[in-house]
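First comes the structure, then the notes that go with it.
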Amino acid sequence: MEYEFKNVVCQNCKGKFTIEPEDFNFYEKIKVPPPTWCPTCRLIRRIACTNSWSLFYRNCDKCDKRTLSMYPPSQKITVFCQPCWWGDSWDGTEYAMDYDPNKPFLAQWKELSEKTPYTALETGYLTLKNCEYCNSIGYSKNCMLAIWADYCENVYFSSIMNEGKDIADSLLIFSSELCYESIWLHKSYRVFYSQECTACTAVWFSRNCYGCMNCVGCVNLRGSSYKIFNEQYSKEGYLKKLKELKFDTRSGIDKLKKESEIFWKKFPYRFYCGDSFNLNVTGEYIHKSKNSKEMYICGGAENCKWCQFITFKPVKDCMDYSGWGNNAELVYESFTAGLNISNSKFSGFCWSDVINT
């Protein structure tokens, strides 16, 4: 069946939005009706259902021990600490209810959700070692306040990353090691105070550099070495200049940081943050994706739309999906779901190997 563009008024904010022909094809494929809320309102509704970054202390409702939780103590729900949640002392059947076809489905779902325990933190607890003060994390060890991270080691005060090692105070870091105070790095090593760098080594205070080594304060370079503020040096001259910059002092770091920020603004910024591996995509902070629109902080996506925080590939044929991927397909209007998930709709906190939910 061929569809046409349809202009719709959002039932929530009353703003106008457009449903495109390929959107209708997707809705027909997963057998759901077209949305009545605009993409922005749908995103707000999903994000309102999850909390990764704001953490609180409260007592476990099973063992009564003090535990870190993404739910504040003022929220009157049943919350189990991680050892209790993942333990064998309960299995969920004690909260089972018979479905009553004469009552509204959502009312029965609300009743079930209110009496069923919530996990204090959203983590792959059994895959973690020494990561008690982290959330939205799995397959990691020795991390502290690492939020939304997978396959990490020795990561501190950082967020939205995977396959990172020995990293602190950073954001959007992937397959990198020994990095600090940086944003949006891929496959990099020893990168500090930098942004939008890929396959770089020993780089400081730089922006939008690819395949660079031993650079300081550089912008928009490709395959360069021994440069300071885009000026070429010999290896000996570069090492001599490094000593003059006083990287080993706070005053030297602060001075370079200010000078770099001024220098960066002299050069053009790309219209979006993404890499050359993308094909036919729109959005921001996109990595190795194709045929996907309005994607934000996404990697390894194909034929997707209106997705955010897709931090682990692959993700295919998904729409209105907020976190996290890892072999996900046909996911719609869901959040914090992944790891071999397929055909999941209107769901949250679902992993792993979840099918037809």
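The values are calculated or read from the model by the stated rules, or taken from the named source; none is laboratory data. Since this is a predicted model, take the numbers as computed values, not measurements. Here Cβ is always computed from backbone atoms with ideal geometry, including for glycine, and neighbour counts include all displayed protein chains.
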Of the numbered conditions (1) polar (S, T, N, Q); (2) touching a residue at least 60 places away in the same chain (Cβ under 8 Å); (3) in contact with a Phe, Trp or Tyr (Cβ under 6 Å, 6 or more places away or on another chain); (4) at positive phi, Thr198 fails exactly one; give the number of that condition. (4)
Say whether the condition of being touching an Asp or Glu at 6+ places or on another chain (Cβ under 6 Å) and not hydroxyl-bearing (Ser, Thr, Tyr) is met by at least one residue in the stretch 83-102. no
Picking from Lys129, Lys76, Lys103, which residue would you name as being modelled with pLDDT of 95 or more, out of contact with any helix residue (DSSP H, G or I) (no Cβ under 8 Å at 6 or more places or on another chain) and of a type outside the set (Asp, Glu)? Lys129
Taking the stated definitions as given, is Arg207 basic (Lys, Arg) and under 26 Å from the mean Cα position of the chain (by Cα)? yes
For the stretch 212-245, which residues satisfy the criterion of being closer than 19 Å to Val191 by Cβ, among the charged types (D, E, K, R) and surrounded by fewer than 19 Cβ atoms within 10 Å (Cβ to Cβ)? Arg222, Lys241
How many residues does the stretch 72-88 contain that are touching a residue at least 12 places away in the same chain (Cβ under 8 Å) and more than 15 Å from Thr116 (Cβ to Cβ)? 6
What strands (runs of 3 or more DSSP E) completely inside the stretch 163-266 contain at least 2 residues that are in contact with a Ser or Thr (Cβ under 9 Å, 6 or more places away or on another chain) and among the polar types (S, T, N, Q)? 171-180, 195-198
For the stretch 48-60, how many residues are modelled with pLDDT under 95, touching a Phe, Trp or Tyr at 6+ places or on another chain (Cβ under 7 Å) and of a type outside the set (Gly, Ala, Ser)? 2
Checking the structure you have, find out if any residue of the stretch 62-70 is within 25 Å of the chain's Cα centre (by Cα), among the hydroxyl-bearing types (Ser, Thr, Tyr) and closer than 26 Å to Lys345 by Cβ. no
Would you please list the contacts, defined by Cβ atoms under 8 Å and residues six or more apart or on different chains, that run from a residue in the stretch 10-37 that is polar (S, T, N, Q) to a residue that is at pLDDT 95 or above and crowded, with 16+ Cβ neighbours inside 10 Å? Gln11/Trp37; Asn12/Trp37; Asn12/Cys38; Asn12/Cys41; Thr36/Cys10
Counting only strands (runs of 3 or more DSSP E) wholly inside the stretch 296-357, the ones holding at least 3 residues that are in contact with a strand residue (DSSP E or B) (Cβ under 9 Å, 6 or more places away or on another chain) and touching a residue at least 60 places away in the same chain (Cβ under 8 Å) are 305-310, 319-325, 328-338
Please verify whether Thr50 is closer than 17 Å to Cys304 by Cα and among the polar types (S, T, N, Q), treating the condition exactly as stated. no
Taking the stretch 140-162 and keeping only residues that are crowded, with 20+ Cβ neighbours inside 10 Å and not in a strand (DSSP E or B), one is left with Ser140, Cys143, Cys152
If you check Thr249, Thr282, Thr311, which single one turns out to be of a type in the set (Ser, Thr, Tyr) and in contact with a Lys or Arg (Cβ under 6 Å, 6 or more places away or on another chain)? Thr282
Which of the residues belonging to the stretch 79-109 are exposed (fewer than 11 other Cβ atoms within 10 Å of the Cβ) and part of a helix (DSSP H, G or I)? Thr93, Glu94, Phe105, Leu106, Ala107
Only unsatisfied item for Lys293, checking (1) closer than 30 Å to Val331 by Cβ; (2) part of a helix (DSSP H, G or I), is (2)
The listed residue being touching a Ser or Thr at 6+ places or on another chain (Cβ under 9 Å) and either over 30 Å from Ser113 (Cβ atoms) or at pLDDT 95 or above (or both), out of Asn291, Asn303, Asn356, Asn326: Asn303
